[in-house]
Amino acid sequence: MADTTAVSPGRQKDVRSGALTALIFLPPALTVFTLFVIVPIVEAGWYGFYNWNGLAALDNFVGFENYRQLFANKVFGHALINNLLIIAVSLLIQLPLALAMAVLLADRLFGAVAFRMLFFLPYILAEVAAGLIWRFMFDGDYGLISHAWQALGGDPLFILADRNWAFAAVLTVIVWKYFGFHMMLYIAGLQNIDASLYEAAAIDGANGWQRFRHITLPGLKPMILLSVFFSILGSLHFFDMVVPLTGGGPLNSTHTIVSFLYYFGVGRMRIGFGSAVGVFLFVLCVVAAFGYKRLLMRDE
Amino acid sequence: MSEITVPHRPPVGAMRSRRPAKAAVPLSTPLTGLPRLLILFVVAGLVVVPLLATVIGGFKELGELRTNPFGLPKVWHWENYWGILDSLRYWRILGNSLYISTVTVALTLAVAAPAAFAFAHLRFFGERYLFNYFILGLTFPFATAILPLFIKVRDLGLLDTHWGIILPQVAFNQAFSILLMRNAFRALPSELLDAALVDGCGYIRFFVSITLPLSRPILATVGVISFVMSWNNFLLPLVVINTNSKYPWTLGLMDYQGEFIVAWQLILAFITLTILPAMLMFMLAQKHIVSGLTAGAVKG
């Protein structure tokens, strides 16, 4: 007892000096975060109700007109479908591929580390560089894919100029670039699975597939959830590669939400309209984040 | 001797001896041996071909890209590469990116670390609300802020300056940096802080001379993530910068491509040389980069 009373005045002092220290430690972060993150997001909500070119006075209030135009816009509708396609390909092709590679490379078998690094390599490439590399690959005159097709007896393939196939090409690049990242997530997850489970299963005579189905898959569930969440967010943010690959063309068939925002909002200095796109994107991201949180909570 | 090395697990050893073939097999991988390697090599080929085609294509003449798309160059045209290495624009865009990324990392750490420390160890009014305020930033899509950010950067007179990129980047780094660092700072043994306070060491000195030196791994993680994101950033510089001499390499690469449109051999050489620094860094510090990017994602 004597001890605690002796300590507590000191504690009081600590708390007070702690609050003072916080007064020094927090303001820089608080200022820069508020000024360049929170305020612009709030302003996007505000500008979204105006018709504004960024130069004249901000006085042309149009209510929900920007949103009405947005949802009536065919190019935007197409962009939304493209975003859904990205999510679908992420879940149906990229996720199984990443999972398979993770399972093949989780143990320190021959070449595991080298293959992991190789598969991760495209992820650290800048999107712009990856996009240009694949713009070359898909080029009808010089690209490898067109030449491979011609070697098989076909005509030159101008995939990125074909409105039916251009976005499929974009989707290919997405899988190429991002599966390695998801593979690393799964490898991290596999390391958290208790190895003795596998031993026990092997003793009970479970074969490789059964061990995968009943130990690996359930053990990876949180990671799979995370990977799906990242795929959805990645789709919602997808922009950089659109520029070098297609620039949104041909005939505006390969836009995503953000590239639509860039080309139709920033490019034409329609601050109000672009902000409305941004607000719509914001809502989608927040919904995705909260959906993910809820799924996680329900799991735990 | 063997009795001594495996004294605890005679039953497992017994089971294994009945199935000698299984004993050496890693249990979490359903596929082993040749089939496994075959699949890995096919995927590795798909990952590597575009990269190899880019590097090798840079050594060809334009015509040879059509006549000899798959083979090695008949004559290695080093001049494609030397011409770029000899040009000011190449070194300038890399220098710009290096400057922007380095300052971004330094400022991100300098601003976020004290704030993270405050949330980890200090008690003050509104602690939880302020922390949630920052964490909110995790879900905010950057594109939503881009138009208001453009206006803000313009009004601050930072348009077409590197600070116009650095400050928003630092701001958008705060959420994940504060979260990751707060968790790491909290994980340090609390006896350290208690002992330091009893000995009359203030919070600020504790932060500078104990917390920071002990937290090098998390500082490295946050640094790596911030650096890679800044190095690869495209949308923000695209909106902020419009003078060629100030371009970071991502804009410089698109600019080069726009100038040489069909001179693919030069564009390929330029891509190779601009992604080279990132590749070299990845080779040298692959462990830190992979664990930084994935651990950051998992914990964030």
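Quick test for you: out of A:Ala129, A:Ala168, pick the one residue that is out of contact with any strand residue (DSSP E or B) (no Cβ under 9 Å at 6 or more places or on another chain), buried (at least 18 other Cβ atoms within 10 Å of the Cβ) and under 30 Å from B:Arg66 (Cβ atoms).
On the way: A:Ala168 fails: buried (at least 18 other Cβ atoms within 10 Å of the Cβ).
Among A:Ala129, A:Ala168, only A:Ala129 is out of contact with any strand residue (DSSP E or B) (no Cβ under 9 Å at 6 or more places or on another chain), buried (at least 18 other Cβ atoms within 10 Å of the Cβ) and under 30 Å from B:Arg66 (Cβ atoms).
Among the residues of the range B:177-191 satisfying the criterion of being free of Cβ contacts under 8 Å to residues at least 24 places away in the same chain and either within 14 Å of chain A (Cβ to nearest Cβ) or acidic (Asp, Glu) (or both), which is surrounded by the fewest Cβ atoms within 10 Å (Cβ to Cβ)?
Here is the first cut: in the range B:177-191, the residues free of Cβ contacts under 8 Å to residues at least 24 places away in the same chain are B:187, B:189-191.
Checking which are either within 14 Å of chain A (Cβ to nearest Cβ) or acidic (Asp, Glu) (or both) leaves us with B:190-191.
Details: B:Ser190: 10, B:Glu191: 8.
Taking the candidates together, the pick is B:Glu191.
Applying the selection to the range A:46-76, what residues are touching a Phe, Trp or Tyr at 6+ places or on another chain (Cβ under 8 Å) and part of a helix (DSSP H, G or I)?
Selection gives A:Asn66, A:Tyr67, A:Gln69, A:Leu70, A:Val75, A:Phe76.
Grab the helices (runs of 4 or more DSSP H) fully contained in the range B:18-80, keeping just those with 3 or more residues being at pLDDT 95 or above. Steps first, please.
Working: elements: B:20-23, B:33-57, B:62-67.
Here the list reads B:33-57.
Which numbered condition in (1) under 21 Å from B:Ile241 (Cβ atoms); (2) within 10 Å of another protein chain (Cβ to nearest Cβ); (3) surrounded by 17 or more Cβ atoms within 10 Å (Cβ to Cβ) is the only one that B:Ile165 fails?
Failing condition for B:Ile165: (2).
Quick check on A:Leu225: is it in the same structural domain as A:Tyr292 (by TED's automatic domain parsing) and surrounded by 15 or more Cβ atoms within 10 Å (Cβ to Cβ)? Break it down stepwise before answering.
Numbers: in the same structural domain as A:Tyr292 (by TED's automatic domain parsing): yes; surrounded by 15 or more Cβ atoms within 10 Å (Cβ to Cβ): no.
No: the conditions fail for A:Leu225.
Collect the residues in the range B:192-245 that are hydroxyl-bearing (Ser, Thr, Tyr), assigned to a helix (DSSP H, G or I) and within 30 Å of B:Val153 (Cβ to Cβ), keeping them in residue-number order. Walk me through it before giving the result.
Going residue by residue through the range B:192-245, those that are hydroxyl-bearing (Ser, Thr, Tyr) are B:203, B:209, B:211, B:215, B:221, B:226, B:230, B:243, B:245.
Narrowing further to those that are assigned to a helix (DSSP H, G or I): B:203, B:209, B:211, B:221, B:226, B:230, B:245.
Of everything in the range B:192-245, those that are hydroxyl-bearing (Ser, Thr, Tyr), assigned to a helix (DSSP H, G or I) and within 30 Å of B:Val153 (Cβ to Cβ) turn out to be B:Thr221, B:Ser226, B:Ser230, B:Ser245.
Yes/no per residue for (1) more than 9 Å from chain A (Cβ to nearest Cβ); (2) surrounded by fewer than 20 Cβ atoms within 10 Å (Cβ to Cβ); (3) under 30 Å from B:Thr67 (Cα atoms); (4) modelled with pLDDT of 95 or more:
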site: B:Thr250; (1), (2), (3), (4): no, no, no, yes
site: B:Leu280; (1), (2), (3), (4): yes, yes, no, no
site: B:Met283; (1), (2), (3), (4): no, yes, no, no
site: B:Ile289; (1), (2), (3), (4): no, no, no, no
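Can B:Tyr133 be described as more than 9 Å from chain A (Cβ to nearest Cβ) and not in a loop (DSSP other than H, G, I, E, B)?
Numbers: more than 9 Å from chain A (Cβ to nearest Cβ): no; not in a loop (DSSP other than H, G, I, E, B): yes.
Answer is no for this residue.
Taking into account only those residues within the range B:200-248 that are without any contact (Cβ under 8 Å) to a residue 12 or more places away in the chain and away from every other protein chain (no Cβ under 13 Å), which is nearest to the chain's Cα centre (by Cα)? Write out each step before concluding.
Narrowing the range B:200-248 to residues without any contact (Cβ under 8 Å) to a residue 12 or more places away in the chain: B:200-202, B:204-205, B:208-209, B:213, B:216.
Filter again for away from every other protein chain (no Cβ under 13 Å), leaving B:209, B:213, B:216.
Details: B:Ser209: 27, B:Pro213: 22, B:Arg216: 17 Å.
Within the range B:200-248, the match that is nearest to the chain's Cα centre (by Cα) is B:Arg216.
Just need a number here: residues in the range A:92-126 that are part of a helix (DSSP H, G or I) and surrounded by fewer than 16 Cβ atoms within 10 Å (Cβ to Cβ).
Qualifying residue count, the range A:92-126: 5.
The values are calculated or read from the model by the stated rules, or taken from the named source; none is laboratory data. All of these numbers come straight from a predicted model, not from anything done at the bench. Ideal geometry is used to build each Cβ from the backbone, glycine not excepted, and the neighbour counts take in all protein chains shown.
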